[in-house]
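The values are calculated or read from the model by the stated rules, or taken from the named source; none is laboratory data. Owing to the predicted nature of the structure, the values given are computational and were not obtained by experimental measurement. FYI the Cβ positions are ideal-geometry reconstructions off the backbone, even for glycines, and counts take in every protein chain you see. These area figures cover heavy atoms from the full protein model, side chains too; ligands, DNA and RNA do not enter into them. Shrake-Rupley method; radii C 1.70, N 1.55, O 1.52, S 1.80 Å.
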Amino acid sequence: MRPYSRNAALFIVALAVTGAVAGCSSASGDAAKKPSASSTAPGPEKSADAPKGPVKPPALSVGKTHTYTAIDNSGNATTMSVTFHAAKYVTSSEIGEAKPKGRYAVLTVEVTNAGHRDGTFTPYRNMRWKDRATTEQEVSTLISTGTQDVGTTYHPGQGVTGDIVLDVPRKGGSVTYYDTRGTAALLFEMPSR
């Protein structure tokens, strides 16, 4: 390439880069003082503190109550209230079952429909356990302790207290209940002993 052709090519590249940088910089003068039509239109605020990914539900420890909005497959919403009464680890002989993959945990909960429409609470296939060392995994069972079944559809004002038997890998961690839409609705903090 000849020297003047190379200089001309470098000049053109430098000009293109300068134009691109200038196009990205903010405007000055009166144009900078006037908001553009797109900046005045309402829209969602973006924040560096905005959560990334799914939102973790509030933790529910023994003795606490939490409400959440349950939405059925038709899009109807109601308020469900769940009280976490107790959690204990039991042996297979204590509940008359075969040996678990991990260990059995029995959660005693009170489920109440506090809303104005029917609402469903279905723990089977919707309870997932995890801790700091283990990724989330399904821990539901169909085992009954003889208490009332809490997995059902509740009419407004109805409530039931009963047990949910889980097969968890070990003590501790947390169990998340996912509603019928697959949204994390409740987070049960599991005892470490």
| said: I'd like to verify a number: residues in the range 60-77 that are under 16 Å from Thr183 (Cα atoms), in a loop (DSSP other than H, G, I, E, B) and touching a residue at least 40 places away in the same chain (Cβ under 8 Å), how many? | reply: 3
| said: Restricting to the range 143-164, and then to whatever is among the aliphatic types (A, V, I, L, M) and either under 24 Å from the mean Cα position of the chain (by Cα) or crowded, with 20+ Cβ neighbours inside 10 Å (or both), can you tell me which residue is farthest from Arg128 (Cα to Cα)? | reply: Val150
| task | Quick one: Asp167 ticks every box in (1) in contact with a Gly (Cβ under 8 Å, 6 or more places away or on another chain); (2) open to solvent by 30 Å² or more (accessible area, probe 1.4 Å) except a single one, so which number is it? | result | (2)
| Out of curiosity, is His85 surrounded by fewer than 14 Cβ atoms within 10 Å (Cβ to Cβ) and either free of Cβ contacts under 8 Å to residues at least 12 places away in the same chain or closer than 25 Å to Val160 by Cβ (or both)? | no
| Do you know which of the residues in the range 100-116 that are outside any strand (DSSP E or B) and in contact with a strand residue (DSSP E or B) (Cβ under 6 Å, 6 or more places away or on another chain) is nearest to Thr147 (Cα to Cα)? | Pro100
